[in-house]
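Inspection log for the structure reproduced underneath, given as C-alpha cells.
Each value in this text was obtained by applying a stated rule to the coordinates, not by laboratory testing. This is a predicted model, so every value here is computed, not measured. Cβ placement follows ideal geometry from the backbone for every residue including glycine, while neighbour counts extend to all protein chains displayed.
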Ligand code: 13P
C-alpha cells in the first residue's frame with residue numbers, strides 16, 4: 001500500500017515565530033503517528049526555524065517553490081542547492097505560481113529535474129480551472145500537465161514523485177470536487193497517463209494527493225477513495241487542531 005501523505009502548504013502565511021509555534025503544536029500531536037507521513041511547507045523564511053522544531057521527529061519539511069539553477073545572478077530566487085539537506089520535499093507548479101508568476105509546464109519540468117538531482121522530492125501540482133471543468137476539458141488538460149511535468153524523467157525518478165491534484169476552482173473557495181470525481185480524474189488523467197508514459201508499476205507507485213478546500217469534515221471522504229493517497233492542505237493547515245484532525249483522518253485507510 002502507498003503510504004498516506006498529508007502536507008500543509010502554509011502559502012504566504014506565518015512569520016518565523018508563528019511558524020515555530022504551529023510546528024511545535026503539530027509535532028506534539030502527531031509524533032507517534034508513524035502510519036501517515038506528515039509534511040510541513042512553511043514560507044522560505046521559516047524553513048530553518050521549523051526544521052529546528054521537527055528535526056528529530058518523523059515530520060517532513062517542504063519548500064513551496066524553487067528556481068532550477070544552482071546559483072547565479074537571479075535576485076530573489078532560491079536554488080535547489082540551498083534547499084538540499086534542509087528540506088525533504090518541494091512543491092512545484094502550484095496553480096498560484098502558474099497563475100500569478102508565469103510558471104509553465106516547461107519551467108515546472110526544469111524544476112522537477114533540478115529538484116530530483118538535488119535529492120528533493122517534488123510535490124507537483126496539477127488541476128483545471130472552472131471554465132475548463134465546465135467545458136469538459138479536465139481530463140485532457142490535467143493529462144497534458146502530467147506529460148509536461150514528467151517529460152524526460154526516468155521511471156525510477158518518476159516513482160518518487162508526489163502529485164497533487166488541485167482543481168483551481170476548489171482552492172480556498174470552500175467548494176470541492178466530490179471524492180468520487182476526484183478519484184476518477186486521478187485515475188483517468190494521472191495514473192493512466194503515467195501508465196502510458198512508463199508502465200503500471202510507476203502508475204501504481206506514485207502517490208497522489210487531492211487538494212482544494214480539504215477540511216476536518218471532508219478529509220475521510222477523500223482518504224476513503226482507493227486512488228487518493230493524501231491531501232495537500234492550505235487553509236486548514238494553518239491551525240494545529242484542524243491540521244492534526246486531517247492527519248488523523250488519513251487513518252481511515254487502515255480501517
Ligand atoms: P485550500 O486548502 O486553502 O483550499 O488550499 C489548497 C491548496 O492550494 C494547497 O496547496
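The length gained on full extension between residue 84 and residue 2, counted as 0.36 nm times the residue separation minus their Cα-Cα distance, comes to 27.1 nm.
Between residue 71 and residue 137, the simple spin-label model (points 7 angstrom out along Cα→Cβ) gives 4.3 nm.
Using C-alpha pairs below 8 Å separated by at least 6 residues, the relative contact order for region 211-255 is 50 percent. Ellipticity at 222 nm from helices only: DSSP H runs of n ≥ 4 in the chain, each -39500 (n - 2.57), divided by the residue count, give -11500 deg cm²/dmol. Relative to the 2.2 N^0.38 Å rule of thumb, region 94-214 has a C-alpha radius of gyration ratio of 1.00. At full extension, residue 254 and residue 18 could sit 81.7 nm farther apart than now, given 0.36 nm per residue minus the alpha carbon distance.
Inter-label distance, residue 105 to residue 28: 4.7 nm, where each label sits 7 Å from its Cα along the C-beta direction. When you count the other C-beta atoms within 10 angstrom of each residue and take the mean per peptide, 220-226, 92-98 line up highest first as 92-98, 220-226.
What relative contact order, as a whole-number percentage, does region 1-54 give when Cα pairs under 8 Å and 6 or more residues apart are counted?
Relative contact order comes out at 55 percent.
Normalised by the number of residues in region 166-243, the average gap of Cα pairs under 8 Å and 6 or more apart makes the relative contact order 34 percent. Compactness check for the chain: Cα Rg over 2.2 N^0.38 Å is 0.93. Note on residue 55 and residue 113: the model spin-label points, each 7 Å out from Cα along the C-beta direction, lie 3.6 nm apart. One Cα centroid belongs to region 68-85, the other to region 138-154; the line between them spans 25 Å.
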